[in-house]
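Novice: I'd like to ask some things about the structure below.
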Amino acid sequence: MQNMKAVDILLVEDNPGDIRLTQEALKDSKLHNRLSVARDGVEALAFLRRQGEYANSPRPDIILLDLNLPRKDGREVLEEIKNDDDFKRIPVVVLTTSNDETDVLASYNLHANCYITKPVDLNRFIQIVKSIEGFWFQIVKLPPE
Amino acid sequence: MSASIPKYGFAVTFALIAVLLTALLWPYLAETPFVIVIGAVILSASRGGFGPGMLTAIIGVLSVKYFLIEPRYEIIASFNDVIQLIFFLLLTLFISGLEENRNQTERALRQVKDELETILNGVAEGITAQDINGKVVFANSASALITNQPSRTTMIETRLEKLQEAFEIFDENGKPLPYTAMPRHQVFANGAPSELVFQQHIIGSDSRRWIRLKSTPVFDDKGKVRLAVNIFRDVTERRELAIARQETEKRLRKVLDNMAIFVAVLTPEGNVIEVNRPALEATRLKAEDIIGKRLDALKPLAYSDEIQQRIHHSIQSAAAGQTIRFDTRALLAEDHFITVDFMLAPVYADDGTIQYLIASGIDITERHRREQEILNLTILTESQRRRLDLIIANVPGIVYETTGTLEDNTRTDFISGYVEKLLGYSPEEWEKDSDFWQKITHPDDRESAIKQARDIFYSGRPGAMQFRCIAKDGRTVHIEAQSSMLKDKDDKYLGFCGVMTDITERKQHEESLMKYAQELTRSNEELSQFAYVASHDLQEPLRMVTSYLQMIEQRYKDKLDADGIEFINYSVDGAARMKVLINDLLAYSRLDRARTPFQQVDMDTSLLMAIHHLQLTIDDTKATITHDPMPEITANDSHMIQLMQNLIGNALKFHSEAAPQIHVGCKREGDDWLFSVRDNGIGIEAEYLERIFVIFQRLHPRERYPGTGIGLAICKKIVETHDGRIWAESQPGIGTTFYFTIPVKHRKRIRLNAEHESR
């Protein structure tokens, strides 16, 4: 396991508190992971397309996407990713505070790979992030690059 | 004078004869020598009068004296001679006087006879007299004329057989009659007058004449019939006249009996003397039932005192010369009345007196009925027309009628005066210009209005069109024109008719309603936006507070004292409650009727689902839950689960010392299902029973009964969304029962844009 290649995770999140919590949760991970953060939808897409300052950014193995973002929100980002032949196979986990049914439906309709509502409780949150990591990198067989 | 010469001739002759005879008989006449002369004088005087008598006397006497007694030359020789002369003078005088008297009588008689004959000949009747052998002894001129003889003398002179050969006779029926049938035979046989009417055909002519002959006996001194006097006349004309009159009478009778009028002839007193057949047939009476009766006593006309009086007075008036006419009813049979145009009129005789009264009646039942109908109809039509005019004048809209098709020659035939009130244009302005309505239509609406009109025209069905008009004063008026096609009974298109109404106000209402609807939609959108913000943006800072407090607790546990940990716990707890509150509020705000689809819901399943969701609490409180059989209802599935869950959850929460016993009931009540959730909990004070359904209302401290105070408000909103009611009944310390109703059949759900969809 230790010898495994590091996994690249792109977190699209505008709330620094949540970014920090996610980082904290991934810190004790057994997996060697590299967490990149995009603060809004425009940044996220630039990151993926390696535009501007992101020219050397890695291709993420998974994207953790918040829905409500400045400039370009998560739904648009999701739509663009899933409509792009280069990116559409990258698993997108919608991780958001919203438990609104319309958001859930809209996300799946845009081919989100899963939808998770952020819990209020810290431990639950950490547990969920770990579960995401465990599920997507240890159980799921991801498409070849 | 000429007549006297023969008389004197005779006198001389008589005298000479007397002298001669005296001479011859002289030996026997010596004593009375003048006897024969006296005879001659008498003869002469009686025949010729005094002059001839005296001449005969002088000649006779002188001759006898001179020639027979002694020849003498003096005329008067002796006194004896004077005596003799006086004697003869007197004798002659006497005889001539006697004769003159006789002659006068004879002349008078002859004159009478002549006059009589003249009279008889002047009479138109033929008059003859026949003796027992049939010999005509007298005939007048008319008799010759009638029997076609040349003159009356030929009648007398010709033999009977010959007379009879000139003609033949027939009886009334045209059968030949023997001459023995002539009445004179009866007269001679019976001595009584006899009469015969026969036809006489004069041989050689081509006509038959009708003769009436009456024979009367003339008796002699011994009482035997001496003559039969026949008086006869040609009655052909009179007879033909009589026959013609009879024919006329028959014809009149037929006319009378065959016309559609009831007729009776009355005496001026009112007694029926004649009645025609239709009257008999209609009344089903026999002539003998009517004839002789008074008209006002006949049942068909006298069925009531009133009408009897009226007929009675009519008779009196008619008898006084008036013509009475009125419509009345006649009773023909039991309950069968007819209406009769009754008339009673006097008929005058030649002398000007009233001879008869003619009563006539025409059955006008049918006509009367029709007239009544027409009258009713006319009254009706008149009142309808007036009503229609009134309606058109007062209807708050422009009533119009057009002819012609849209493409061809549309003409406004009628437009009600309201047009002036509504748009300011006069009906005349409108009617004279076929395209007027298009001209005053708002330019922006013109195309659409023409299209709408065309659509209605081609659909053939009534329809409404809406457009704006520019009124004469420049106002914009919204018009709705309801139009129908006018067709004749053969379905041939005639034109359009309809009403144009001012819908400006309605349009304004519609516009403001639309604005409200838009406002509402916007506000709803804002609300859901707000709800979303609440669910997301309010929770994120909350999560931050909770997470990082927990982080502090975990990382710096050993550096915090007991108070620090307790404070952190309060903070975390508060944040957690706030999250629940936000979630409940969110749930409440999402109970949006428009977004609540209804389906068939098995309430058994919903109840079980609710119980399932509450299983942990049920286990904790050792509650028992029972229920009636649940129906299938029309409702929103998840709402029903939520409702049951909240009510049962409420019952579980507010339990008393004893283990909760909850019963869910259901029964049909009228058009509703009535559900109930009964518990044996702490109960609610009556004064709070209303308040419990108000949002955020709490009756108990949170420490004892946790909750946001939204649960029952949600219940109330769910039930109201389903057009039901919810209420609670409670006895503190014993338990509470919540009731709610759900209609069995839901009325059509109103949607904001329903009107647009139905168009």
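The values are calculated or read from the model by the stated rules, or taken from the named source; none is laboratory data. The structure presented is a predicted model; accordingly, all values stated were derived computationally and were not measured. Because the Cβ atoms are built from the backbone with ideal geometry, glycine has one as well, and the counts that use them run over all protein chains shown. Protein only, heavy atoms only, side chains kept; ligands, DNA and RNA dropped before computing areas. Shrake-Rupley method; radii C 1.70, N 1.55, O 1.52, S 1.80 Å.
Novice: Out of B:Leu120, B:Leu90, I need the residue that is within 18 Å of B:Val229 (Cβ to Cβ) and either assigned to a helix (DSSP H, G or I) or in contact (Cβ under 8 Å) with a residue 24 or more places away in the chain (or both). Which one? Spell out the reasoning first.
Specialist: Working: B:Leu90 fails: within 18 Å of B:Val229 (Cβ to Cβ).
Matching residue, one of B:Leu120, B:Leu90: B:Leu120.
Novice: In this structure, does B:Ser416 turn out to be open to solvent by less than 50 Å² (accessible area, probe 1.4 Å) and hydroxyl-bearing (Ser, Thr, Tyr)? Before you say what the answer is, go through the steps one by one.
Specialist: On the way: open to solvent by less than 50 Å² (accessible area, probe 1.4 Å): yes; hydroxyl-bearing (Ser, Thr, Tyr): yes.
Yes: the conditions hold for B:Ser416.
Novice: Kindly indicate whether B:Arg543 is part of a helix (DSSP H, G or I), open to solvent by less than 80 Å² (accessible area, probe 1.4 Å) and either outside the structural domain of B:Val399 (by TED's automatic domain parsing) or not polar (S, T, N, Q) (or both).
Specialist: Here the answer is yes, as B:Arg543 does meet what is asked.
Novice: So B:Asp491 clears everything in (1) closer than 26 Å to B:Pro462 by Cα; (2) at pLDDT 85 or above except one condition, right? Which one?
Specialist: Tallying (1) closer than 26 Å to B:Pro462 by Cα; (2) at pLDDT 85 or above, B:Asp491 fails exactly one: (2).
Novice: Determine which single condition B:Asp573 fails, assuming it passes every other condition in (1) within 14 Å of chain A (Cβ to nearest Cβ); (2) part of a helix (DSSP H, G or I); (3) surrounded by 12 or more Cβ atoms within 10 Å (Cβ to Cβ).
Specialist: If we test B:Asp573 against (1) within 14 Å of chain A (Cβ to nearest Cβ); (2) part of a helix (DSSP H, G or I); (3) surrounded by 12 or more Cβ atoms within 10 Å (Cβ to Cβ), just (3) comes out false.
Novice: Moving to a separate point now. Only one of (1) touching a strand residue (DSSP E or B) at 6+ places or on another chain (Cβ under 6 Å); (2) modelled with pLDDT under 80 is not met by B:Val137, so which one is it?
Specialist: It fails just one condition, (2).
Novice: When the residues of the stretch B:701-716 are filtered to those that are open to solvent by less than 60 Å² (accessible area, probe 1.4 Å) and out of contact with any strand residue (DSSP E or B) (no Cβ under 9 Å at 6 or more places or on another chain), which remaining residue is farthest from B:Arg678 (Cα to Cα)? If you could, list the steps in order and put the result at the bottom.
Specialist: Quick first cut of the stretch B:701-716, residues open to solvent by less than 60 Å² (accessible area, probe 1.4 Å) only: B:705, B:707-715.
Still in the list and also out of contact with any strand residue (DSSP E or B) (no Cβ under 9 Å at 6 or more places or on another chain): B:705, B:707-711, B:713-714.
Numbers: B:Tyr705: 19, B:Gly707: 20, B:Thr708: 22, B:Gly709: 20, B:Ile710: 20, B:Gly711: 17, B:Ala713: 18, B:Ile714: 19 Å.
Here the answer is B:Thr708.
Novice: Would you confirm whether or not the stretch A:113-136 contains a residue that is within 14 Å of chain B (Cβ to nearest Cβ), acidic (Asp, Glu) and out of contact with any Pro (no Cβ under 7 Å at 6 or more places or on another chain)?
Specialist: Yes, the stretch A:113-136 contains a residue that is within 14 Å of chain B (Cβ to nearest Cβ), acidic (Asp, Glu) and out of contact with any Pro (no Cβ under 7 Å at 6 or more places or on another chain).
Novice: Additional query: Here are B:Gln316, B:Gln309: which of them is open to solvent by 80 Å² or more (accessible area, probe 1.4 Å) and either under 30 Å from B:Gly417 (Cα atoms) or out of contact with any helix residue (DSSP H, G or I) (no Cβ under 9 Å at 6 or more places or on another chain) (or both)?
Specialist: Result: B:Gln316 is the single residue among B:Gln316, B:Gln309 that is open to solvent by 80 Å² or more (accessible area, probe 1.4 Å) and either under 30 Å from B:Gly417 (Cα atoms) or out of contact with any helix residue (DSSP H, G or I) (no Cβ under 9 Å at 6 or more places or on another chain) (or both).
Novice: What number of residues in the stretch B:188-210 are open to solvent by less than 30 Å² (accessible area, probe 1.4 Å) and hydroxyl-bearing (Ser, Thr, Tyr)?
Specialist: Count: 1.
Novice: Looking at the stretch A:77-84, can you tell me whether even one residue there is touching a residue at least 24 places away in the same chain (Cβ under 8 Å) and in contact with a Ser or Thr (Cβ under 8 Å, 6 or more places away or on another chain)?
Specialist: Looking through the stretch A:77-84, at least one residue is touching a residue at least 24 places away in the same chain (Cβ under 8 Å) and in contact with a Ser or Thr (Cβ under 8 Å, 6 or more places away or on another chain).
Novice: Return a yes/no flag: does the stretch A:26-40 have any residue that is in contact (Cβ under 8 Å) with a residue 24 or more places away in the chain, buried (at least 16 other Cβ atoms within 10 Å of the Cβ) and over 24 Å from A:Phe135 (Cβ atoms).
Specialist: Within the stretch A:26-40 (the criterion being in contact (Cβ under 8 Å) with a residue 24 or more places away in the chain, buried (at least 16 other Cβ atoms within 10 Å of the Cβ) and over 24 Å from A:Phe135 (Cβ atoms)), the answer is yes, since at least one residue qualifies.
Novice: For the stretch B:494-552, how many residues meet the condition of being β-branched (Val, Ile, Thr) and within 14 Å of another protein chain (Cβ to nearest Cβ)?
Specialist: 4
Novice: May I pose another question? Criterion first (open to solvent by 50 Å² or more (accessible area, probe 1.4 Å) and of a type in the set (Gly, Ala, Ser)) does B:Gly122 satisfy it?
Specialist: The answer is yes for B:Gly122.
Novice: A further question follows. Can you tell which of B:Thr105, B:Thr22, B:Thr92 is among the β-branched types (Val, Ile, Thr) and closer than 30 Å to B:Asn140 by Cα?
Specialist: B:Thr105
Novice: Which count do you get for residues in the stretch B:585-613 that are away from every other protein chain (no Cβ under 13 Å) and in a helix (DSSP H, G or I)?
Specialist: Total meeting the criteria: 15.
Novice: Of everything in the stretch A:75-103 that's within 14 Å of chain B (Cβ to nearest Cβ) and over 30 Å from B:Ser571 (Cα atoms), which residue is surrounded by the fewest Cβ atoms within 10 Å (Cβ to Cβ)?
Specialist: The first filter runs over the stretch A:75-103 and keeps only residues within 14 Å of chain B (Cβ to nearest Cβ), leaving A:75, A:94-103.
Retained after the next criterion (residues that are over 30 Å from B:Ser571 (Cα atoms)): A:75, A:102.
Numbers: A:Arg75: 20, A:Thr102: 10.
Among those that are within 14 Å of chain B (Cβ to nearest Cβ) and over 30 Å from B:Ser571 (Cα atoms), it is A:Thr102.
Novice: Can you name every residue in the stretch B:614-659 that is open to solvent by 20 Å² or more (accessible area, probe 1.4 Å) and assigned to a strand (DSSP E or B)?
Specialist: Scanning the stretch B:614-659 gives B:Thr624, B:Ile625, B:Thr626, B:His627, B:Glu632, B:Thr634.
Novice: Moving on. Kindly provide the set of residues from the stretch B:33-72 that are outside any helix (DSSP H, G or I) and open to solvent by 70 Å² or more (accessible area, probe 1.4 Å), ordered by number. Reasoning before the result, please.
Specialist: Going residue by residue through the stretch B:33-72, those that are outside any helix (DSSP H, G or I) are B:33-34, B:49, B:70-72.
Scanning the stretch B:33-72 gives B:Glu70, B:Pro71.
Novice: If you take the residues in the stretch B:590-638 that are touching a residue at least 60 places away in the same chain (Cβ under 8 Å) and in contact with a Phe, Trp or Tyr (Cβ under 7 Å, 6 or more places away or on another chain), which one is farthest from B:His746 (Cα to Cα)?
Specialist: B:Asn636
Novice: Would you pick out the residues in the stretch B:211-226 that are buried (at least 18 other Cβ atoms within 10 Å of the Cβ) and touching a Lys or Arg at 6+ places or on another chain (Cβ under 9 Å)?
Specialist: Hits for the stretch B:211-226 are B:Ile211, B:Leu213, B:Ser215, B:Pro217.
Novice: Consider the stretch A:45-74. How many of its residues are of a type in the set (A, V, I, L, M, F, W, C) and within 14 Å of chain B (Cβ to nearest Cβ)?
Specialist: 2
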